[in-house]
1. Return A:R247, A:R26 ranked ascending by Cβ neighbour count within 10 Å, so the fewest neighbours appear first.
2. Using Cβ contacts closer than 10 Å as the measure, can you line up B:H33, A:H209 from fewest to most?
3. Which one of A:P359, A:V281, A:L311 has its Cα pushed farthest toward the positive end of the charge dipole of region A:260-384, where Lys and Arg give +1 and Asp and Glu give -1 at the Cβ?
4. Starting from the amide H of A:Q319, placed 1.01 Å from N in the peptide plane, find each other amide H under 5 Å away whose residue is 5 or more places distant or on another chain.
5. If the only charges are +1 at each Lys and Arg Cβ and -1 at each Asp and Glu Cβ, what is the size of the charge dipole of chain B around the Cα centre, to the nearest 20 debye?
6. Near A:K406, which lysines are there with a Cα under 28 Å away, not counting those fewer than 8 places off in the same chain?
7. Just to confirm the number: angle between the C-alpha axis of helix B:151-165 and the first principal axis of chain B, 0 to 90 degrees, nearest 10?
8. Once phi is turned into ³J(HN,Hα) by the Karplus curve 6.51 cos²θ - 1.76 cosθ + 1.60 with θ = phi - 60°, what whole-Hz value does each residue of region A:171-180 show in order, with x for glycine and proline?
Amino acid sequence: MSRSDNAFNQYLDLVRDNAAVMAKGRPALLEAVNKAGASRLAEAIEAYKPASDEIPECRLDRLFAPDYGVNIARVPMTADVAASFRCGVPQLNSLLAVVANDIFRPTDVLMRNMPEGLTVCSLRQVPAEFEADAAALLADGADKNSIAGAISDALAHDGIYVRVAPRTEIEKAVQIVNIFNSPVPMLTPRRLLVHACEGSKVKILLCDHTQTPAVQHLNLQNVYIRVDAGAEVEFYDIEESSAATHRLFSFRAVQHSDSRLTVNTDFLSGGVTRNEFDISVPGDGAYTSLSGLAIVSDEQICSDSVVLRHLGSHCTSRQIFKNALFDKGRGAFGGRIVVDEAARFTDAAQTNRNILESPSARMEASPQLEIYCDEVKCSHGATTGQLDERALFYMQARGIPRDEAKRMLTQAFMVDVIDNISFEVLRQRLHILVEKRLSGASADCSTCATACHSQAPEE
Amino acid sequence: MEDLLKVENLRAGIDGKEILRGINLTVRPGEVHAIMGPNGSGKSTLSGVLAGDPRFTVLGGSATLAGVDLLGLSPEDRSHEGLFLSFQYPVEIPGVTMVNFMRAAINAKRKYLGLEPMSAADFLKTMRQKRAVVELDNKLASRSVNEGFSGGEKKRNEIFQMAMLEPRVAILDETDSGLDIDALRIVAGGVNKLKTDQNATIVITHYQRLLDYIKPDFVHILYKGRIVHTGGPELALELEEKGYDWIKQEVDNEQI
Ligand SMILES: Nc1ncnc2c1ncn2[C@@H]1O[C@H](COP(=O)(O)OP(=O)(O)OP(=O)(O)O)[C@@H](O)[C@H]1O
Ligand SMILES: [Mg+2]
């Protein structure tokens, strides 16, 4: 058996050997997903071939190779660890939920303050009236073309279902904090399903943290968002984890007519991160904004790939991704915009800019346009360069030490991505966070923008 | 009196090409020196080499500021020691606001001198006072460094920064170029206000006009990387009248 077979087969064996454990208390919803996942996995293992242009560490056979434990018996994290997660940021004032390793835990704050029209619950406890909806999201959101999607489905035993009722605006952000806390290596299938019904509005903030930084973890995160006609969703994702935490992040969304979707992803620290965004816009007149920044240092790797499919007409999309790579940091950006025949009057723009701050840092960028329609306005561009030496000298000549000048220029380079964030509290915090990260503050949770688990007493 | 700036037999080049071919210059406290000379003679190279521009390579000689060896210091430490260069072409820095830029500069200097960072209130007060020296618009002070500034605004901004940093030796590289007549008067007036008997100014210019406002004690002519002539203020008037040909002939004949 080849190494790559081993990497994946261990999960197939796991679900086969533990069918009874997994079946315990499992709702029909998840049973269907597990079964579909396992059968796709068997086929996908046969068919698996790594892409030739991938960063080797980002290859799926490498990411899945370690002997991770999977918590199929649903052993909860120690109670006090989870209980200590409180949002200490009064301004953020979010509706907080925690995913403790792989188990969803709503907080009292969330349960007590759940606004009218908002549902946030575990996939194990979806109210009967929404069961069909959740099942449809699970099926539509399955990552069917990837072996990672098959593993994620085969192992799924929890997840979060968020539904915003039609024409309901949720003012507070729904904040989901993913936490790793495990003494042994662990793979966590994590799933977030969001259904923003017609004319609704919601902000979602996802934060990744690791409390056991020395232990190897793989965060297998799957997000699926359905944005119905006229709905508006803002989705923010901040990764601040450890070098031993790897992440395979699959984000998929579908947008209907006149909807708005804003996605912002920020890599502040981690090990090997592979982010995949796949957004389809069948609706007309929709607006999509995708932005991201990554500060990659030491031996970190952050790879982003985006596929944006314009299928409806009169849609606009804006993408901007900026990466700063230090030390032996490596990054990749693959951006594909597909404009379907029917997608007349599409206005799509994509920008990727990267700064190499060290001679051993690397960046691969490959933007692509696939246009099957004449009446469109599309632009894309990718540049990789260094900090402006003239600006550095000018700042030094005014007495600013070179390192500080570099930090200021790097921050200036990223400022438009941050300023683009309309969620004001988060924008301000991200400014501080990026500044701290660039000035070399250790990337632990105390520096995190969201300060989601400081020990402040609950209000 | 102790020399403030002493440059001896300074030679420097770029990409293997020697540009400064033995510069000697002594500046004492309270003095104003003007350096004139044809295009490409090495005036900006001299100011860049003194400020530590990494594009240039020092090939020999020395430069000291109040006895401190400048050439061994980083550009930032040269600034902390009291050297200021008003750039002929100030650099635009999108995304870095003037306020953050100046605060970083001031506090870096204070740290070098062993002082606490300036309080926010004191800093803003100082900004306000120094802006007044060159009548710099508050709007410019709140924008990104030099970004979208007009040529004249950039030069005014240079002298504002000089006012903030209170250098011991300021080199003004063609600060007059790009300034309209009123701005020239204001900026030159600003430079004069900053003058004390403890500091010194070197003005690099092509025009007598600036020297009507900033009165030099000495005028030097730089040609082909050397100071080939030094005189009093009357030398600038003579150049205005006669151009550089006579100087060029003198020097080029000597070389034969
Ligand atoms: N970056 C550079 N690369 C190559 N040559 C350079 C560079 N900078 C200056 N030089 C050359 O060095 C010589 C001196 O240039 P410098 O800018 O010092 O002249 P200057 O006296 O300031 O001229 P001006 O009056 O036009 O400002 C010129 O021949 C110029 O072409
Ligand atoms: Mg010049």
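Rule-based calculations on the coordinates, nothing more; no lab input. Source: prediction; values computed, not measured. We place every Cβ from the backbone using ideal geometry, glycine too, and count neighbours over all the protein chains shown.
1. So the residues, fewest neighbours to most, are A:R26, A:R247.
2. Ascending Cβ contact count within 10 Å gives the list B:H33, A:H209.
3. Among A:P359, A:V281, A:L311, the one farthest towards the positive end of the dipole of region A:260-384 is A:P359.
4. Here A:L290, A:A349, A:Q350, A:T351 satisfy the definition.
5. It comes to approximately 780 debye.
6. Here the lysines satisfying the reach criterion relative to A:K406 are A:K322, A:K328, A:K436, B:K109, B:K111, B:K125, B:K130, B:K139, B:K154, B:K155.
7. 70
8. Per-residue couplings from phi come out as 6, 6, 7, 8, 10, 10, 10, 8, 10, 9 Hz.
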